[in-house]
Amino acid sequence: MTATDRPLIGPVDAAGGALDLVSYESYGGYAGARAALTSMAPAEVIDLVKEANLRGRGGAGFPTGMKWGFVPQGDAADGGPKYLVCNADEMEPGTFKDRFLLENNPHLLVEGMIVGAWAIGAGRGYVFIRGEYHKPYRQLQRAIDEAYAKGYLGRGIFGTGFDFELRIHRSAGRYICGEETALLNALEGKRAQPRQKPPFPPASGAWGRPTIVNNVETFCNVPAIIRNGAQWYQALGIGDDAGTKLYGVSGRVNNPGLWELPIGTPIREIIEEHAGGMRDGYRLRGVLPGGASTDFLVAEHLDLAMDYGTIQAAGSRMGTGTMIVMDDSICPVDMCRNLEHFFAQESCGFCTPCRDGLPWVEQMLTDIEEGRGKEGDLELLERNAMFIGGVTNTFCLHAPGAIEPLASGLRYFREDFEAHVKTGRCPYR
């Protein structure tokens, strides 16, 4: 696969800035959107995305074409609007792939959203971006302004009768906005709290209207699918999943960063070849494969393919595909405590197991880390991890995701937890 074949990153401005409209068009930019709007019916676009087997790149991996197909086709019976929303909040710790796309190739997102809007019949779109993303916001706003000036946004796009308005909504910033209905509440100016489902957003989303919410990386896959076809896209992947994936690695590796690779690339190749392996004097002990809310994997899992099914079968989730590497100088107890501190702070407070359970778990981990652990604490932590982690015990999946690193940490690094309790101190200090 050559650099020009890659559907996501594509070329990057030599000065390190975002591609402007002229540069983007010189590499085939907006050809996919033009083809979709002028030569394909909305249902044909949805069928093509289904056939390509594009799965959502925000973490859950839900089939994108299927999701788009849930929106009622044609004009709404009451003449009301439909909405298309991009989740660019990217609050998952260890994840920075969407920021890279927004900073370097924002027109790719704009084009993908134009195609998505045509497919579902949405006349208005929003990019919900975290408030701390100052540079991505500026780059994206410039791209939107250029697209409006060229007639790619607004009224009568590409000489058709299709109108699409696109705006940026700067978020106040909450992790819970990764849940799409909490994001929609925040977009409406309400408290960022998940909604009861059903109804699901494709039937009743923003302001009670049919709405699709997809991630930045998901939309950025769409233009290449329109230009090159479903079979081309399927052939890019390794195994059952299709396309490429932005994989990232952070931690004590020689070359932390982000790479676009065929989906299904083995973990070992990503860490050892692209990330340059562990720094001298450090040994890999564990990996959070898809951000902070995924279960640890260990050395025995390094040859697994980084795809949705394989990582799930190993007891974790591919999530965002951006790995956090834990080396042998890091205390697993303290790392789990730090993660639970973050998730406890980010709870929306709606459910008791999440609102009260996560701070309680954090305090128990703090006591163990600081030498106040006692016999029976680990069993108590395991019980609470089971209750908090049950998918039917809380209103949304924040608590189950939050507890995953602890539950897997107790499984893979139990000797470290036991040493803290037995010796009354942290062996890593």
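The values are calculated or read from the model by the stated rules, or taken from the named source; none is laboratory data. Since this is a predicted model, take the numbers as computed values, not measurements. Every residue, glycine as well, gets a Cβ built from its backbone with ideal geometry; the counts of neighbours run over all protein chains shown.
Across region 211-235, which residue is surrounded by the fewest Cβ atoms within 10 Å (Cβ to Cβ) among those that are aliphatic (A, V, I, L, M), in a helix (DSSP H, G or I) and touching a helix residue (DSSP H, G or I) at 6+ places or on another chain (Cβ under 8 Å)?
Looking at the filtered set, the residue picked out is Ala230.
Can you find, within region 413-429, the residue that is farthest from Thr352 (Cα to Cα) among those that are touching a Pro at 6+ places or on another chain (Cβ under 8 Å) and part of a helix (DSSP H, G or I)?
Per the stated criteria, the residue is Ala419.
Which one is farthest from the chain's Cα centre (by Cα) among residues in region 138-158 that are assigned to a helix (DSSP H, G or I) and surrounded by 18 or more Cβ atoms within 10 Å (Cβ to Cβ)?
The selected residue is Ile157.
Among the residues of region 190-223, which ones are under 23 Å from Phe343 (Cα atoms), over 21 Å from the mean Cα position of the chain (by Cα) and not charged (D, E, K, R)?
Within region 190-223, Gln196 is the sole residue that qualifies.
In region 1-43, which residues are surrounded by 12 or more Cβ atoms within 10 Å (Cβ to Cβ), at pLDDT 65 or above and either β-branched (Val, Ile, Thr) or over 24 Å from Ala149 (Cβ atoms) (or both)?
Leu8, Thr38, Met40, Ala41, Pro42, Ala43
If a residue must be surrounded by 14 or more Cβ atoms within 10 Å (Cβ to Cβ) and either assigned to a helix (DSSP H, G or I) or not assigned by TED's automatic domain parsing to the domain that holds Ala33 (or both), how many such residues does region 114-137 contain?
9
Just one of Ile403, Ile311 is of a type in the set (Val, Ile, Thr), out of contact with any His (no Cβ under 6 Å at 6 or more places or on another chain), under 13 Å from Ala292 (Cβ atoms) and in contact (Cβ under 8 Å) with a residue 12 or more places away in the chain; which is it?
Ile403
List pairs: first residue in region 247-264 and outside the structural domain of Leu54 (by TED's automatic domain parsing) and among the acidic types (Asp, Glu), second residue at pLDDT 95 or above and surrounded by 20 or more Cβ atoms within 10 Å (Cβ to Cβ) anywhere in the structure, Cβ distance under 8 angstrom, at least six positions apart or on different chains.
Glu260/Thr244; Glu260/Lys245; Glu260/Leu246; Glu260/Tyr247
Can you spot a residue in region 419-428 that is closer than 26 Å to Ile270 by Cβ, touching a residue at least 24 places away in the same chain (Cβ under 8 Å), in contact with a helix residue (DSSP H, G or I) (Cβ under 6 Å, 6 or more places away or on another chain) and buried (at least 19 other Cβ atoms within 10 Å of the Cβ)?
Checked against the condition, which is being closer than 26 Å to Ile270 by Cβ, touching a residue at least 24 places away in the same chain (Cβ under 8 Å), in contact with a helix residue (DSSP H, G or I) (Cβ under 6 Å, 6 or more places away or on another chain) and buried (at least 19 other Cβ atoms within 10 Å of the Cβ), region 419-428 yields no hits at all.
When you look at Glu340, is it touching a residue at least 12 places away in the same chain (Cβ under 8 Å) and in contact with a Phe, Trp or Tyr (Cβ under 8 Å, 6 or more places away or on another chain), yes or no?
Criteria not met by Glu340.
Restricting attention to region 270-288, report how many residues are aliphatic (A, V, I, L, M) and touching a residue at least 60 places away in the same chain (Cβ under 8 Å).
Matching residues across region 270-288 total 1.
Any chance region 159-175 includes a residue that's assigned to a helix (DSSP H, G or I) and either closer than 14 Å to Met91 by Cβ or assigned by TED's automatic domain parsing to the domain that holds Phe395 (or both)?
Yes, region 159-175 contains a residue that is assigned to a helix (DSSP H, G or I) and either closer than 14 Å to Met91 by Cβ or assigned by TED's automatic domain parsing to the domain that holds Phe395 (or both).
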